[in-house]
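Novice: Just dropping this structure here.
The values are calculated or read from the model by the stated rules, or taken from the named source; none is laboratory data. This is a predicted model, so every value here is computed, not measured. Backbone-built Cβ (ideal geometry, glycine too); neighbour counts: all protein chains shown. Ligands, DNA and RNA are stripped out before the accessible areas are found, and what is left, the full protein with its side chains, is counted by its heavy atoms. Shrake-Rupley method; radii C 1.70, N 1.55, O 1.52, S 1.80 Å.
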Amino acid sequence: MMIKSGIVLLAAGVVMSAVKPGFAPLFNGKNLDGWQIVGQKGSGYVVENGLLVCPADGGGNLFTTKEYSNFILRFEFRLFEGSNNGIGIRAPLEGDAAYVGMEIQILDDGAPRYQGRLTPAQYHGSIYDVIPAKQRFKKPTGEWNTEEITAKGRLIKVVLNGTTIVDADLDSVRDPAVLKKHPGLARPSGHIGLLGHGTRVEFRNIRIQELP
């Protein structure tokens with residue numbers, strides 16, 4: 001009888017796992033359907049061989065047309081010498097997403113041009129200008145990295161190549177000057193964006209799972 005119950009429970013677990021919502025692609029590898037660009041610079045963003053690319057002569061903010069509140073965002077990215085981009089989350093379409101929303105930094109912070117110029121919360125993976133990320137888990141330029149950003153309520157987590165580099169509770173940010181400078185920390189939802197700065201960065205396998 002106990003064995004049968006165990007089988008039933010196991011079967012139920014399998015069924016529950018099967019119907020659990022999975023990840024939906026945000027980029028189809030062919031075009032920029034589902035995205036819109038704001039403040040385009042040069043060629044903006046292009047699709048090359050199934051990759052979503054911010055070229056060296058491009059940039060601007062490429063936002064999802066849809067807004068998201070709680071989610072797990074997974075993607076792969078490849079940096080080159082001096083690459084500088086960012087992942088905007090819970091951002092409005094207008095304004096500087098790093099302040100009116102939030103920006104998770106994407107940066108070749110080891111490049112000579114950045115040496116001695118960065119504050120702790122400007123290195124790769126940081127909640128830009130707010131929460132510093134742990135360092136030394138990014139792969140060398142030219143290699144693909146995997147990253148996962150989880151936003152659930154006031155909790156923001158960033159996992160880079162399997163290591164958690166940010167695990168933050170936004171309610172722990174209490175400095176009045178920081179809160180005034182970053183009103184986006186209070187936003188419950190908004191667009192996801194790629195925030196390019198005229199340097200080449202490549203993205204692929206961009207996908208999202210919405211959370212309750």
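Novice: Restricting to DSSP loop positions (anything but H, G, I, E, B) with no more than 15 other Cβ atoms inside 10 Å of their own Cβ, which GluC sites (Glu not before Pro) remain in region 138-212?
Specialist: Numbers: sites: Glu143, Glu147, Glu148, Glu202, Glu210; in loops: Glu143.
Answer by residue number: Glu143.
Novice: Sketch the reach of a paramagnetic label on Thr163 as a point 7 Å from Cα along Cα-to-Cβ, and name the residues of region 133-157 whose backbone nitrogen lies under 16 Å away.
Specialist: 133-141, 144-148
Novice: Rounded to the nearest 500, what is the 222 nm mean residue ellipticity of the chain from helices alone, with -39500 (n - 2.57) per DSSP H run of 4+ residues and division by all residues?
Specialist: -4000 deg cm²/dmol
Novice: I've got another one for you. In whole percent, how big is the carbon plus sulfur part of the accessible area of region 101-179, probe 1.4 Å, protein atoms only? Intermediate results must be reported in sequence, preceding the final value.
Specialist: Values: 2000 of 3910 Å².
The computed percentage sits at 51.
Novice: Where a Cα-Cα gap under 17 Å defines reach, which aspartates and glutamates qualify for Lys181, not counting those fewer than 8 residues away within the same chain?
Specialist: Here the aspartates and glutamates satisfying the reach criterion relative to Lys181 are Glu94, Asp96, Glu103, Asp129, Asp171.
Novice: State in Å² the accessible area per residue of region 130-212; use a 1.4 Å probe, count heavy atoms of protein chains only, and round to the nearest integer.
Specialist: That works out to 51 Å² per residue.
Novice: Using only protein heavy atoms and a 1.4 Å probe, report how much of His191 is accessible, in Å² to the nearest 10.
Specialist: In the full protein context, His191 sits at about 10 Å².
Novice: Once both axes come from the Cα atoms, what is the angle between helix 2-19 and the longest principal axis of the chain, in degrees from 0 to 90, rounded to 10?
Specialist: 30 degrees
Novice: Rounding to the nearest 20 debye, state how big the charge dipole of region 146-212 is about its Cα centre with +1 on each Lys and Arg Cβ and -1 on each Asp and Glu Cβ.
Specialist: For this selection, approximately 220 debye.
Novice: Another question, then. Label point 7 Å out from Ala24 along Cα-to-Cβ: which residues of region 60-75 have amide N under 12 Å?
Specialist: 65-69
Novice: Going through region 61-121, which GluC sites (Glu not before Pro) have at most 12 other Cβ atoms within 10 Å and a DSSP loop state?
Specialist: Those that pass, being in a loop and sparsely packed, are Glu94.
Novice: Looking at region 144-179, which trypsin sites (Lys or Arg not before Pro) are in a loop (DSSP not H, G, I, E or B) and have at most 13 other Cβ atoms within 10 Å? Write out the running numbers ahead of the final one.
Specialist: Details: sites: Lys152, Arg154, Lys157, Arg174; in loops: Arg154, Arg174.
Sites meeting the loop and neighbour criteria: Arg174.
Novice: Still on this model: Match the structure shown to one of the listed values [x] 35, 19, 15; [y] 31, 21, 18; [z] 23, 20, 18 of semi-axes √(5λ) of the Cα gyration tensor in Å, computed from it, and give that label.
Specialist: [y]
Novice: While we're looking at this one, here's another question. Taking R0 as 41 Å, what's the FRET efficiency between Glu76 and Leu179 from their Cβ-Cβ distance, rounded to 0.05?
Specialist: Result of the calculation: an efficiency of 0.80.
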